[in-house]
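Everything on this sheet refers to the single structure shown next.
The values are calculated or read from the model by the stated rules, or taken from the named source; none is laboratory data. No experiment lies behind these values; they were computed from the predicted model shown. Because the Cβ atoms are built from the backbone with ideal geometry, glycine has one as well, and the counts that use them run over all protein chains shown.
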Amino acid sequence: MEYKLLDMISYEVKNNRKAALVTITKVEGSSPRKEGSMMGVREDGTIFGTIGGGKLELVVTKWAEKCMSDCKNQIFHFKLNDEEGSLHMQCGGEVDVFIKVFNPPQKLLIVGGGHIALKIYEFSKMLGFYNVIVEDREEFCNKERFPESDELLIGDIEKILSEYPIGDNCYIVIVTRGHKYDEIALKSVIESDAKYIGMIGSKNKTKYIRDNLIKAEIPKKLIERVYAPIGINLGGETPEEIAFSIMAEIQLVKNMGSLLHLKDIKKTD
């Protein structure tokens, strides 16, 4: 049962949802379950497994939801008797419960597997992103090329992106082999909850795609949130330099930074 519980938590996190693992860490006297008993709590409050049911389980589930909301691990102590401040249960014992919150990782979806995509992947691993490579060419999307990738998704780009669970923990970089595929990819994700969507290309190319999106009646506010041309103007033209400028822009969005030299930021103290 315990491995199934861990599988459930893994499934929730991979699908961009929080989950909590509840573990009874200490028991004194009589209690519904022994030390080490575990229960999983989904973000919507549903549970998997049990720590004994009844009032204890109900209260702990509510605290797990609060911990997930606050992104905070916490230890709780409960008295299972009729004393003041207790849970008014008849077991008579006391338990300590540890709630561990699992948050979805920061995901980088790299659409394309060419030279720039490869360098973006390398930088993203240094920065701790969970990365997903999306390609329709197997020779550009394999473990030999991306040995530490978390997911390799090969096939129809539009279908993959349309079906992938994209949440506000996701950052998307569109660097396919041509404007046709870039446009297909952008249309597939532009209405998603991604925190960042960027598309490579010159000003002329990005204007051409923007005009097509307008013709397709894509709302202007969605088009304006796309970073295209992609990246920060750091200079340079090699794949490494372009990839670095793209990851710098993503970090700027992710960390709510500013385009200022640190020496130019005035001290507040």
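Listing for the model above:
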| item | result |
| --- | --- |
| Options Ile184, Ile160, Ile166: the member that is part of a helix (DSSP H, G or I) and at pLDDT below 95 | Ile184 |
| Count - residues of the range 1-59 that are of a type in the set (D, E, K, R), within 19 Å of the chain's Cα centre (by Cα) and modelled with pLDDT under 90 | 1 |
| Count of residues meeting criterion [of a type in the set (Ser, Thr, Tyr), in contact (Cβ under 8 Å) with a residue 60 or more places away in the chain and surrounded by fewer than 19 Cβ atoms within 10 Å (Cβ to Cβ)] in the range 158-190 | 1 |
| Subset of the range 191-217 (residues that are in a loop (DSSP other than H, G, I, E, B), surrounded by 16 or more Cβ atoms within 10 Å (Cβ to Cβ) and at pLDDT 90 or above) | Ser192, Ala194, Lys195, Ile200 |
| Residue within the range 96-109 that is at pLDDT 95 or above and farther than 30 Å from Leu21 by Cα present | no |
| Residues (more than 28 Å from Lys205 (Cβ to Cβ) and over 28 Å from the mean Cα position of the chain (by Cα)) located in the range 229-269 | His261, Leu262, Lys263, Asp264, Ile265, Lys266, Lys267, Thr268, Asp269 |
| Residue within the range 239-254 that is assigned to a loop (DSSP other than H, G, I, E, B) and among the small types (Gly, Ala, Ser) present | no |
| From the options Ser31, Ser37, residue that is of a type in the set (S, T, N, Q), farther than 29 Å from Gln106 by Cα and touching a residue at least 40 places away in the same chain (Cβ under 8 Å) | Ser31 |
| The range 27-45, subset not basic (Lys, Arg) and not in a loop (DSSP other than H, G, I, E, B), residue surrounded by the fewest Cβ atoms within 10 Å (Cβ to Cβ) | Glu28 |
| Number of the condition not met by Asn16 [criteria: (1) over 30 Å from Val132 (Cβ atoms); (2) in contact (Cβ under 8 Å) with a residue 12 or more places away in the chain] | (1) |
